[in-house]
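Enquirer: Below you will find the structure I want to go over with you.
The values are calculated or read from the model by the stated rules, or taken from the named source; none is laboratory data. Computed from a prediction, not measured in an experiment: that's the story for all the values here. Neighbour counts are summed over all protein chains in view; Cβ atoms, including those assigned to glycine, are modelled from backbone coordinates with ideal geometry.
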Ligand code: CO
């Protein structure tokens, strides 16, 4: 017998499908033939930051990869495969790393509770915190310190993205590809642009210090 919670999903899906079709009768037929998203979105798995919804876009516009605390790790074959497919096959023009304030993964990297397996994943964020220890130690209020690390984490992950083989070779070929760092506010539903717009290797080298200088220091 179906579980009532799954029934809820199925029922909401039927309503959504019917509403979408009534707005645009060809919507699914059109979308089923091909996807041509302009954006790759790398975001946090947090249920409160659903990629397409927070930018008000219908299915078909964002290619999405989400993991805990929106991390781009050089040995993560899953994330790297998504990036390669998005850039080389779908030819997205923008890659957005989107963090969010109040991120539980970032908070755990600061507080270090016992979490088992996931502690290994969070170590990537601890590395970011370690790299920026001086800056973070200046921030007394724990929630603010977490938010500052959320911003720094996005910046570091955009830099990691710029160093991937896929992005470097795309730039070498002259493919249009711009990397961006955004951060989402759970409290107001708004995205903020951290000011990284990396369109090539020179941008990557120059933007890092400039963007760090612009961040609040307390
Ligand atoms: Co999060």
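Enquirer: Which of the helices (runs of 4 or more DSSP H) found entirely inside region 96-203 contain at least 3 residues meeting this: at pLDDT 95 or above and under 21 Å from residue 79 (Cβ atoms)?
Expert: 104-111, 118-131, 142-162, 165-173
Enquirer: So, one more: Where residues in region 36-85 are over 16 Å from residue 179 (Cβ atoms), within 12 Å of the ligand (Cβ to nearest atom) and within 11 Å of the chain's Cα centre (by Cα), which of them is surrounded by the fewest Cβ atoms within 10 Å (Cβ to Cβ)?
Expert: Filtering region 36-85 for residues that are over 16 Å from residue 179 (Cβ atoms), within 12 Å of the ligand (Cβ to nearest atom) and within 11 Å of the chain's Cα centre (by Cα), the one surrounded by the fewest Cβ atoms within 10 Å (Cβ to Cβ) comes out as 45.
Enquirer: For region 33-55, enumerate the residues that are part of a helix (DSSP H, G or I) and at pLDDT 95 or above.
Expert: Hits for region 33-55 are 51, 52, 53, 54.
Enquirer: Which numbered condition in (1) loosely packed, with under 15 Cβ neighbours inside 10 Å; (2) in contact with a helix residue (DSSP H, G or I) (Cβ under 9 Å, 6 or more places away or on another chain); (3) closer than 16 Å to residue 96 by Cβ is the only one that residue 175 fails?
Expert: (3)
Enquirer: So, one more: Take residue 60 and tell me if it is assigned by TED's automatic domain parsing to the domain that holds residue 156, out of contact with any helix residue (DSSP H, G or I) (no Cβ under 6 Å at 6 or more places or on another chain) and at positive phi.
Expert: no
Enquirer: Mind counting the residues in region 92-106 that are surrounded by fewer than 22 Cβ atoms within 10 Å (Cβ to Cβ) and either within 7 Å of the ligand (Cβ to nearest atom) or not assigned by TED's automatic domain parsing to the domain that holds residue 43 (or both)?
Expert: 1
Enquirer: Right, next: For region 120-139, name all the residues that are more than 19 Å from residue 71 (Cα to Cα) and in contact (Cβ under 8 Å) with a residue 40 or more places away in the chain.
Expert: Scanning region 120-139 gives 135, 138, 139.
Enquirer: Follow-up question, since we're still on this one. Let me spell it out: the conditions are (1) surrounded by 14 or more Cβ atoms within 10 Å (Cβ to Cβ); (2) farther than 24 Å from residue 195 by Cβ; (3) more than 16 Å from the ligand (Cβ to nearest atom), and residue 89 meets all of them except one. Which number is the exception?
Expert: (1)
Enquirer: Let me ask something else. Going by the conditions given, is residue 181 surrounded by 12 or more Cβ atoms within 10 Å (Cβ to Cβ), touching a helix residue (DSSP H, G or I) at 6+ places or on another chain (Cβ under 7 Å) and assigned by TED's automatic domain parsing to the domain that holds residue 141?
Expert: Taking the combined requirement at face value, the residue satisfies it.
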